[in-house]
Amino acid sequence: MTSTAPADTAEISAPPEAQRRVLTVLVVSQVLSGAGLAAGITVGALLAQDMLGSADLAGLPSTLFTAGSALAAVAVGRLSQARGRRPGLAAGYLTGAVGSAGVIAATVADQPVLLFLALFVYGAGTATNLQARYAGADLAAPAHRARAVSTVLVATTLGGVVGPNLAAPTGDLADTLGIPPLAGPFLLAGVAYALAALVLAVRLRPDPLLLARRLDSRRRAAVSATRAAAERDTATPGAGPDGDGPPAPEDPRRPGLMLGALTMILTQLVMVAIMTMTPVHMHDHGHGTAASGLVIAIHVGAMYLPSPLTGWLVDLTHARFRSPGGAPVGRVAVAAASGLTLLAAGILAAVAPGDSVALLALALALLGLGWNFGLVSGTAMITDAVPLATRAKTQGTVDVAIAIAGATGGLASGLVVSAAGYPVLALTGGILSLAVLPAVAATASSR
């Protein structure tokens, strides 16, 4: 009886070609969406400052599109849970494209209220870009989940780096079309998000989540049949009246759920707060959009480009060594490293002279790297911890908390800079990032 188990397992494993196809389609869509999400980062705060004539609420755009991403995370997660990743992700990107068009309309009409509403809708693109990482892990083996996530994330690098550097050219294009130059990057965002939605809607087949569920159902049936046969052979009563009851349901509270969520929430809060006000800080020291676009491009590159290495580190010792709480050591170590890296970023940003583009770029690169450590390790732990039956819904809920943390950081950043200055904001964010360390220790030792 046991000799048939390997064959059964092989028959219900995800076909490698299916995972390769899914990752290829996700990579293409992430390249496009990376350019879309960079628009809000690069000029969102500058748009608000220009339209309102004050830096007090310059952090509001980041807050709004991050809050919008929270609502979108719920919607995309629930739609994916009910219908699969393909309709969920495509709908999210299409909504982001609509928001981009709304931002352009608001700047043309000089309507701040419409701008803020459009930025809220635009946030759907950010949420969807992050949710796509889960789709990359749906068909991946547990020991390779972080590397699958990293493959999806690193694809964002190209669009995310190119997008901010197109701030000046798209601004010139917008001016030619009679649109305020600061709205130029949102022309790129609208097209990029729409194309990403089209690629996913047409090409993401098979749907990774739906296929993973079918394979898991077949695996459970095979396990149940094998168990029933073994019980009949040994005359041991089974779970059901005939000894062939279904296997016990998976415990949704497996190690890593809280640790993964806490790590991503804290790193998002710190990253968004410092990142949001860096273009404003540079603008106040005489730098133009080209310089701030370069710094943000380096930051976005650091957010995504190290993903393959991060994924390898997070998957390291997955099967052999675990923390006292049950989470794999690689995941826990990288989560802790995120806090230390963000601290270094905050300190450097605080002490860097306002006229030093190089030091600010290095600080923002460290900021992006710390965020990357937190996101990849946290995503792997969440995916490990949540059963397929509720995976998309739970992942969406976690991303809501991440988005709320980002919205809080974005809103507070403008107020802190207005009251105490950018160096205080950066240093405070760096110190706050150390909260990751006790969170890692407490959660890892709690079970």
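Worth pointing out:
- Residue in the range 178-201 that is in a loop (DSSP other than H, G, I, E, B), more than 30 Å from Leu427 (Cβ to Cβ) and at pLDDT 90 or above present: yes
- Gly136 meets the stated requirement of being touching a residue at least 60 places away in the same chain (Cβ under 8 Å) and either more than 27 Å from Pro180 (Cα to Cα) or not in a helix (DSSP H, G or I) (or both).
- Options Ala197, Ala212, Ala221; residue that is of a type in the set (A, V, I, L, M, F, W, C), free of Cβ contacts under 8 Å to residues at least 24 places away in the same chain, farther than 28 Å from Asp50 by Cβ and out of contact with any strand residue (DSSP E or B) (no Cβ under 7 Å at 6 or more places or on another chain): Ala221
- Look at (1) within 21 Å of Leu94 (Cβ to Cβ); (2) assigned to a helix (DSSP H, G or I) and you find that Arg205 fails only one, number (2).
A quick yes/no check of all residues on (1) at pLDDT below 90; (2) assigned to a loop (DSSP other than H, G, I, E, B); (3) more than 21 Å from the chain's Cα centre (by Cα):
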residue: Thr390; (1), (2), (3): yes, no, no
residue: Val416; (1), (2), (3): no, no, yes
residue: Ala426; (1), (2), (3): no, no, yes
residue: Ser433; (1), (2), (3): no, no, no
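- Residue match in the range 371-380 (condition: over 30 Å from Asp216 (Cβ atoms) and either polar (S, T, N, Q) or part of a helix (DSSP H, G or I) (or both)): yes
- Options Leu211, Leu114; residue that is part of a helix (DSSP H, G or I), at pLDDT 90 or above and over 25 Å from Thr397 (Cα atoms): Leu114
- Per this entry, Gly184 is counted among residues that are small (Gly, Ala, Ser), over 20 Å from the mean Cα position of the chain (by Cα) and surrounded by 24 or more Cβ atoms within 10 Å (Cβ to Cβ).
- Only one entry of Ala143, Ala91 meets the criterion of being over 18 Å from Phe186 (Cβ atoms), of a type outside the set (Asp, Glu), surrounded by fewer than 24 Cβ atoms within 10 Å (Cβ to Cβ) and in contact with a His (Cβ under 7 Å, 6 or more places away or on another chain), and that entry is Ala143.
- Being surrounded by fewer than 19 Cβ atoms within 10 Å (Cβ to Cβ), at pLDDT 85 or above and part of a helix (DSSP H, G or I) holds for only one residue in Leu309, Leu269, Leu313, and it is Leu309.
- Taking the listed residues Leu79, Leu52, the one that is in contact with a Gly (Cβ under 6 Å, 6 or more places away or on another chain) and either modelled with pLDDT under 70 or surrounded by fewer than 24 Cβ atoms within 10 Å (Cβ to Cβ) (or both) is Leu79, with no other qualifying.
- Pick from the range 107-133, criterion of a type in the set (A, V, I, L, M) and touching a residue at least 60 places away in the same chain (Cβ under 8 Å), ranking: surrounded by the fewest Cβ atoms within 10 Å (Cβ to Cβ): Val108
- Residue match in the range 324-333 (condition: under 26 Å from Ala273 (Cα atoms), at pLDDT 90 or above and surrounded by 19 or more Cβ atoms within 10 Å (Cβ to Cβ)): no
- Pairing each residue of the range 63-83 that is farther than 14 Å from Lys393 by Cβ with any residue that is buried (at least 24 other Cβ atoms within 10 Å of the Cβ) and of a type in the set (Phe, Trp, Tyr), provided the two are 6+ apart or on different chains, yields C-beta distances under 6 Å for Phe65/Tyr122.
- Taking residues in the range 259-279 that are of a type outside the set (Gly, Ala, Ser), and partners anywhere that are crowded, with 24+ Cβ neighbours inside 10 Å and not in a helix (DSSP H, G or I), the pairs with Cβ atoms closer than 8 Å and at least 6 places apart or on different chains are Leu259/Ala327; Thr276/Ala58; Thr276/Gly59; Met277/Ala58; Met277/Gly59.
The values are calculated or read from the model by the stated rules, or taken from the named source; none is laboratory data. All figures in this text were calculated on a predicted structure; none of them were measured in a lab. Cβ atoms come from the backbone with ideal geometry, glycine included; neighbour counts cover every protein chain shown.
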